[in-house]
Amino acid sequence: MNITFFGVTGAVQSSTSSNTSLLVATADGAVLVDASGSPVQQLHAAGVSCLDLDALVLTHSHVDHLYALPSLLHQMWLMGRTKALRVVANGQTTRDARALCELFGLRTAAWTFDVAWDVVEDARLEPVNGLGLSVFPVHHSVPTIGMKFEHAGRVLVYSADTAPCPRVLEEARGAACLIHEASNGTERMPANGHSSAAEAGDHAREAGVETLFLCHLDSSMPPAAVLQGAEEAFPSGTVILPVPGKAYAC
C-alpha cells in the first residue's frame, strides 16, 4: 500500500497544505479519504485519474472534510466517467453529503455514472479491488468513522478526527502504520473530540505499530513541537510529519 496525503492541516489551511485528506492505493485500486482541497488536481498529480478512482470514504460531515465533494463529482461527470463511484460514510455524513450535492443540483438524468452510497457505522466491508476495508466509530463531536486497510499482509489504520479512543487502539494493535490526528503538541487535549501529538504517540506505542503518521495539524503550531510531542511518547517507532503530495509506503 502507498499513502499520499493531499493535505495535512485541520480546519485552517497553511501556506503549504490544504485540509486533511489522503489517498490509499495499491497496484490494483485506489481509495480517497475525505474530499477537501482540489481532489481532481491532486489525484492527477498522484497518477490516479478521477475516472478510475474506486471509492471515496467520508469520515464525517465537518466542512473541512466534505466541502470539495460537489466539485469532485461534477468534474467526474464532465470528464465522462462511467464507472460507479462507491461512497462509504456513516448515516449522518451520508445525509449531509447528499444534501450538499442536492444544493448544487448535481444529480440529473444526464449523469454518466452512478454514486453507490455505502452507509455503514461499524463493519468489515467488501474489499476494494483486493484492498480490505473496515470502518469503526471514534470519539468526535459529530458521528465519525475511522478505518482499517489491509493488503498483502500489511495493515494501515486511520484514526480520523478523534479524542483518545480505545477502539483506535484495538484496531491499530500490531498494524504496520497508524495515521493519527494531532491537533496539538505535547499538551494533552481537553475533551473536545481531538488528540494531541503526544496522545497519538501513546496510541502508537501501546498498539505496537511500526510507523506513526501525524495529520490534522494546527497550522499555527511549530512542526518541531508536534514532532517532539509524538516522538517523546513513541520512542520505539518512526514518526512522520507527511509532506503533501509525497507517496509513502506502508
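Rule-based calculations on the coordinates, nothing more; no lab input. Bear in mind the structure is a predicted one, so any value in this text is a computation, not a measurement. Glycine also receives a Cβ, built like all others from the backbone with ideal geometry; neighbour counts cover every protein chain displayed.
In whole Hz, what ³J(HN,Hα) sequence does the range 28-36 give by Karplus (6.51, -1.76, 1.60; θ = phi - 60°), x for Gly and Pro?
So the J values, rounded to whole Hz, are 9, x, 8, 10, 9, 10, 6, 10, 9.
Which percentage, to the nearest 5, of the DSSP beta bridges contained in the range 56-200 is antiparallel?
Numbers: 14 of 24 bridges.
Here the share of antiparallel DSSP bridges comes out near 60 percent.
Kindly point out, ordered by number, any Cys in the chain whose beta-carbon has no other cysteine beta-carbon under 4.7 Å away.
So, Cys50, Cys101, Cys165, Cys215.
Tell me, what ³J(HN,Hα) does each residue in the range 200-214 have, in order and in whole Hz, if you take phi through Karplus 6.51 cos²θ - 1.76 cosθ + 1.60 with θ = phi - 60° and put x for Gly and Pro?
So the Karplus estimates, Gly and Pro as x, are 4, x, 4, 4, 5, 5, 5, 7, x, 7, 7, 9, 10, 9, 9 Hz.
In degrees, nearest 10, range 0 to 90: what is the angle between the Cα axis of helix 91-103 and the longest Cα principal axis of the chain?
Compared with the principal axis, the helix lies near 50 degrees.
Once the cut-off is 28 Å, how many percent of the Cα-Cα pairs in the chain end up in the long-distance tail? Could the numbers behind the result be given before it?
Working: 8000 of 31125 pairs.
It works out to 26 percent of all Cα pairs.
Go through the range 173-179 residue by residue and turn each phi into a ³J(HN,Hα) via Karplus (6.51, -1.76, 1.60, θ = phi - 60°); whole Hz please, and just put x for glycine and proline.
Values per residue, Gly and Pro as x: 4, x, 5, 6, 9, 10, 9 Hz.
Rank Ala152, Ala198, Ala225 by mean-square fluctuation in a GNM of the chain with C-alpha springs under 10 angstrom and give only the top-ranked residue.
Most flexible of the set in this elastic network: Ala152.
Do you know the relative contact order of the range 57-144, to the nearest whole percent, from alpha carbon pairs under 8 angstrom that are 6+ apart? Working shown, then result.
Details: 110 pairs, mean separation 28.9, N = 88.
Worked out over the range 57-144, it gives 33 percent.
Give the long-range amide H neighbours of Ile240: residues separated by 5 or more places, or on another chain, with amide H under 5 Å away, using H modelled in the peptide plane at 1.01 Å from N.
Result for Ile240 returns Leu212, Phe213, Leu214.
Compare Asn129, Asn184, Asn19 in a GNM of the chain, Cα atoms joined below 10 Å, and give the one with the largest fluctuation.
Result: Asn129 has the largest fluctuation of those listed.
In the chain, what percentage of the DSSP-assigned beta bridges are antiparallel, given to the nearest 5? Let's see the in-between values first.
On the way: 26 of 51 bridges.
If we restrict to bridges inside the chain, about 50 percent are antiparallel.
Amide H of Trp117 versus every other amide H placed in the peptide plane: which residues, excluding those fewer than 5 positions away on the same chain, fall under 5 Å?
Val87
Rounded to the nearest Å, what's the spacing between the alpha carbon centres of the range 192-250 and the range 84-146? Just the number, please.
About 27 Å separates the Cα centre of the range 192-250 from the one of the range 84-146.
How high is the relative contact order of the range 90-183, in percent, with contacts defined as C-alpha pairs under 8 Å that are six or more residues apart?
Details: 139 pairs, mean separation 17.9, N = 94.
It rounds to 19 percent for the range 90-183.
Rounded to the nearest angstrom and ordered from largest down, what semi-axes does the equivalent ellipsoid of the range 26-115 get from its C-alpha gyration tensor (root of 5λ)? Could the numbers behind the result be given before it?
Numbers: eigenvalues 70, 52, 29 Å².
One finds semi-axes of 19, 16, 12 Å for the range 26-115.
Counting pairs of alpha carbon atoms under 8 Å apart in space and at least six apart in sequence, what relative contact order in percent does the chain give? Mind showing how you got there, number by number?
Details: 631 pairs, mean separation 44.8, N = 250.
Once normalised by length, the contact order is 18 percent.
Could you list which residues have their amide H under 5 Å from that of Ser196, counting only those 5 or more apart in sequence or on another chain, with H placed in the peptide plane?
Those lying under 5 Å, H to H, from Ser196 are Ser183, Met189.
By the scheme Lys and Arg +1, Asp and Glu -1, what is the net charge of all other residues having a beta-carbon under 10 Å from that of Lys83?
Numbers: positive: Arg81, Arg86; negative: Asp52, Asp54, Asp114.
After counting each charged neighbour, the total is -1.
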